[in-house]
1. Relative contact order for segment 185-391: what is it in percent, counting Cα pairs under 8 Å that are at least 6 residues apart?
2. Calculate, for residue 48 and residue 141, the FRET efficiency according to 1/(1 + (r/R0)^6) with r their C-beta to C-beta distance and R0 30 Å; round to the nearest 0.05.
3. Between 0 and 90 degrees, rounded to the nearest ten: what's the tilt of helix 375-391 against the longest Cα principal axis of the chain?
4. Just to verify a number: FRET efficiency for residue 127 and residue 364, C-beta to C-beta distance, R0 = 35 Å, to 0.05?
5. Indicate the gyration tensor shape class of the chain (rounded, prolate or oblate), computed on the Cα atoms with a ≥ b ≥ c the square roots of the eigenvalues: a/c under 1.5 is rounded; otherwise a/b larger than b/c is prolate and the rest oblate.
6. If we count other beta carbons within 10 Å of each Cβ, what is the order of 207, 70, 257, fewest first?
7. Please compute the contact order of segment 6-178 in relative form: average sequence separation of alpha-carbon pairs under 8 Å and at least six residues apart, divided by the residue count, as a percent.
8. Among 112, 40, 195, which comes first, then next, by fewest other beta-carbon atoms within 10 Å?
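Throughout, read-outs are computed from the coordinates displayed, never taken from laboratory work. Note that the structure is predicted; figures quoted are calculated from it, not measured. In this analysis, Cβ positions are derived from the backbone assuming ideal geometry, glycine residues included, and neighbour counts consider all displayed protein chains.
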Ligand code: PMT
């Protein structure tokens, strides 16, 4: 599975560090050459000698007293991928800030290879706004975050924050390195469109682009060739081609003109259904009295794609509030292969959140409900379904 691959395993200082030896063993068994880099506090939880015995190489423990002149750049260049497991709140924060004051972070900054990061910490630390902000930053930078799970934590606590099992970390790494979406041409739409009322105002919506960005990043990290058509700030990672648009018409023009070159289109954008018939050339003034806005429909981008003769595999999204009946209806009537419904009124779901609770529908109305996950994890499972359905023909 990982035969001939060079994997750097970064171990930071949490109790889950004891699992790092087991993870290293799994990587070696999968055929990888493994070298470890550990923080000083990781040494409180696992001995360097243990990692050396499993991998056959003594771990890098610092910048000094190492046989190499520049251990972090040596490791960074050597790596085909780097895993950081466990990743503590401090390590996540340092990596998000680019603060390379230890050999582990310096190695992560010195590598151009993919990074998989498995957080492990107490629930309160995981839920803390700073940690969530840092995780979202790293995810947007192209780092793959796996876990954490719910379960027993240090000191007898139970909750989210437990490091995901080593087998799942190896599986996530394999998906990235094997590139199970290798060569697939993907187009993703993201963000909320804006329809001008006058030079100052517009009709818009609350979409931040995070869901579409997660779908694009996940596909790119698994080898797909990705074009992201978006109204929102885009991730600057992994060679994603970014096409900036503002209105539904611009999104329609860009999407339709490129659709024949795509194998899969995922429409995560929140597209306006109506726009002002005429956008005022001058700013409306309160003194001029109550304005009357005549609206007209925007193009239905999804319907246009669904009507194409040789259409790509098509995934729509549906933002619903309260019940997902509307999403089910769209799944069976919109001519899509999959439709992802999300209830934007649920906490942690929908607009501008880093998490989402989605239900994936097939066109015959069959539903698969996923728990509340990070948008990147939800995107990962969506791509698993797309890959499986496409391979079944
Ligand atoms: O961007 P985030 O802040 O992360 O928020 C994510 C999200 C909530 C925007 C996303 O998860 C989501 O639900 N996107 C679809 C929102 C939406 O517009 O749903 P809809 O039910 O109005 O549209 C259904 C589908 O038709 C969507 O795929 C939409 O892109 C598409 N559509 C809609 C209108 C239109 N004129 N043309 C379209 O193609």
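1. Numbers: 459 pairs, mean separation 40.5, N = 207.
Contact order relative to length: 20 percent.
2. On the way: r = 29 Å, r/R0 = 0.97.
So, using R0 = 30 Å, E works out to roughly 0.55.
3. 80 degrees
4. On the way: r = 38 Å, r/R0 = 1.09.
According to the calculation, E is roughly 0.35.
5. Working: a/c = 2.16, a/b = 1.91, b/c = 1.13.
Here the chain falls in the prolate category.
6. On the way: 207 25, 70 13, 257 9.
Arranged by neighbour count, lowest to highest, 207, 70, 257 become 257, 70, 207.
7. Working: 361 pairs, mean separation 39.1, N = 173.
RCO, segment 6-178: 23 percent.
8. Numbers: 112 7, 40 13, 195 22.
Starting with the residue having the fewest Cβ neighbours, the order is 112, 40, 195.
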